[in-house]
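Here the structure is laid out as C-alpha cells; the discussion comes afterwards.
Quick note: the coordinates plus some simple rules give every number you see, no bench work behind them. None of these values were measured; they are calculated from a predicted model. In this analysis, Cβ positions are derived from the backbone assuming ideal geometry, glycine residues included, and neighbour counts consider all displayed protein chains.
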Amino acid sequence: MKTSGVMGFWKEVVAVCLAEILGMAGFATFAALLPTFISEWHLTNTAAGWISGIYFAGYMAAVPALVSLTDRIDPRRIYLACTALGGISNLGYALFADGFAGALLFRALAGMSLAGTYMPGLKVLSSLVPGSIQSRVLSFYTSSFSVGAALSFLISGQIAEWLGWRWAFGVASLGSAAALGIAIWKIPPTKIETTFLPKTPLLDFRPVFKNATAMGYVIAYGAHTWELFGQRSWIVAFLTYSQSLQRAETGWLVPATVVAALVNLAGVPASIGGNELAIRFGRVRVISAIALASATVSCMLGFLAPLSYALVAALCLLHGVTAYGDSAAITAGVVATASAGHQGATMAVHSFVGFACAFLAPLVFGAVLDLGGGNTTAGWGFAFVSLGLAVAIGPIALAALSRPRK
C-alpha cells in the first residue's frame, strides 16, 4: 500500500509508532526492578542475567517464522495477535511469577510478543511509505523503541515504588491493551505484492545469506544490540551500585530508574541524528565512527563507578547517545539493501541475529560480573568491557561485506 503524499499516511505512521511505545510498557520492567528481584528471590547475577536474556531468547525463537510470514500474509494480522500475547504475558507475570522459573516463562512469552510486533510494524511502514522518505520515517519508528523503553523504565520504577512490583507488571499489561486498540483502529491492512512472492520455503534464508551487503548490516546490528541490550538490562543495577559508593552527606540522588529512562530518551535524537548524518556522509562511515566511539565509552564506564554519582549518570547518558546513535542507520541500511521479495526474510534474519545477541549479552555481562569479583568496581568494569569489545565487531563486518550499491 503505497501513498504519494506525506499527508496520506502520516496518521498511520503516528499510530504505528504510538502502538509500539504503549506495547513496550513491560519491556524494561524486569530490568528496572532488577535489584528488587535479586534481593527478594536471592538471585545470583548469572540467574538475573538469564531472566533478562530469556526475553530475547523468546524473541529469537519466534522471529524467523513470524517476520518471514510478512512476505506472504498481511503483517497486521501478526501484529494484532502478538500485541495481545504481550498483554497476557505481563498480566501472567503480575499474577503468577514467584521465582526464577515463573519469571523465565512469562518473560519468554513477552519476548515472543515483541517478535510479532517490532519488525512486522516496520514492514507495515515500509509498505506505506515511499522510498524517497522511507529512511527518515523508519528512523522515527526505530527511535520510538527508545521512547517505549524509557517510559517502561520510568513507569515501572514509579509504580513499583508506590504499589509493588506486581502492580508494575499489571499496569504494563494495560499498555498492551491500549496498543491493541490503536492497532485495530488505525493500522490499515497491507496488500501483499504477488509479483514478488518468494519462491523459496518459509524458513529458507539462503537468498538472504547470499546478499553480502545486507549481511554486513545484519552483523553490525548484532554487535549494536549486544552492547545496547547489555546496557539496558544492567544499567539500573550499575547505577544502584554507584549510589552505594557515595558519601552519606551527598544528599538526594536521582533514582536509578529515572536515569535509565533519560538514557533511553537520549537515544531518540541520537538515533534520528545518526541516520541524518548517515544520509549525508555515508552509512558505513557514520555507523563505524559511532560504534567505535561507543566501544571506547563502554570500556571505561564500569571502572568509573566510584566517581561522583552525577558524573556517572552523565557518562551513562553519553553512553546512551553513542549506543543508540547508529540504530536507525543500521536498520535503514538492511531495509535498503534487501532483495525484492525477500524483505521480510531479510528483516527476520536481521532481527534473529540482533536479538540472539540481545539474549546473550545480559547473560555474558552477568557471568563476567560474577567472575570479575561480583558487585565490585572491577567486576562492573570488566562487564562493561565485554560490551565494548562486542560493538567493535560491527565496523569490521561492514568494512568486509558492505559495498556501495550501483
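Things worth noting here:
- Residues L163 and A399, FRET efficiency given R0 of 60 Å [Cβ-Cβ distance, rounded to 0.05]: 0.75
- Fully extended contour minus Cα-Cα distance, from R72 to L311, at 0.36 nm per residue: 81.0 nm
- Among F229, F303, F384, the residue with the largest mean-square fluctuation in a Gaussian network model of the chain, with springs joining Cα atoms closer than 10 Å, is F303.
- Whole-Hz Karplus values for segment 255-270 come out as x, 4, 5, 5, 4, 4, 5, 5, 4, 5, 5, 4, x, 5, x, 5 Hz, taken residue by residue from phi with 6.51 cos²θ - 1.76 cosθ + 1.60 and θ = phi - 60°; glycine and proline positions read x.
- Taking L228, L245, L363 in turn, the Gaussian network model of the chain (Cα-Cα springs below 10 Å) assigns the largest fluctuation to L245.
- Phi-based couplings in Hz for segment 320-326 (Karplus 6.51, -1.76, 1.60; Gly and Pro marked x): x, 4, 6, 5, 8, x, 9
- The chain: proportion of alpha-carbon pairs further apart than 39 angstrom, %: 13
- Vicinal HN-Hα couplings computed from phi for segment 10-17 (Karplus, 6.51 cos²θ - 1.76 cosθ + 1.60; Hz; Gly/Pro x): 5, 5, 5, 4, 4, 5, 5, 5
- Placing a label point 7 Å from the Cα of T376 along the Cα-to-Cβ line, the residues of segment 46-75 whose backbone N sits under 18 Å from it are 46.
- Translational D in µm²/s for segment 219-277 (Stokes-Einstein at 20 °C, 1.002 mPa s, Kirkwood Rh from C-alpha pairs): 161
- With bins 5 Å wide beginning at 0, the percent of Cα pairs of segment 137-178 falling in each bin runs 6, 23, 24, 21, 13, 8, 4, 1.
- Inter-label distance, nm, simple model (7 Å from Cα along the C-beta direction), I133/K11: 1.6
- Rough spin-label spacing in nm, given labels placed 7 Å along Cα→Cβ, for L318 and A336: 3.0
- For peptides 311-324, 45-58, sequence by mean Cβ density within 10 Å, most packed first: 45-58, 311-324
- Here segment 210-332 yields Rg over Rh of 1.05, to two decimals, using C-alpha coordinates and the Kirkwood radius.
- For the chain, built as a Gaussian network whose Cα springs stay under 10 Å, the top-fluctuating residue of R206, R136, R76: R206
- Zone of H42's modelled label, taken as backbone nitrogen in segment 359-383 under 20 Å from a point 7 Å along Cα→Cβ: 370, 374-375
- Remark: the Cα gyration tensor places segment 1-97 in the prolate category, a/c being 1.5 or greater and a/b exceeding b/c.
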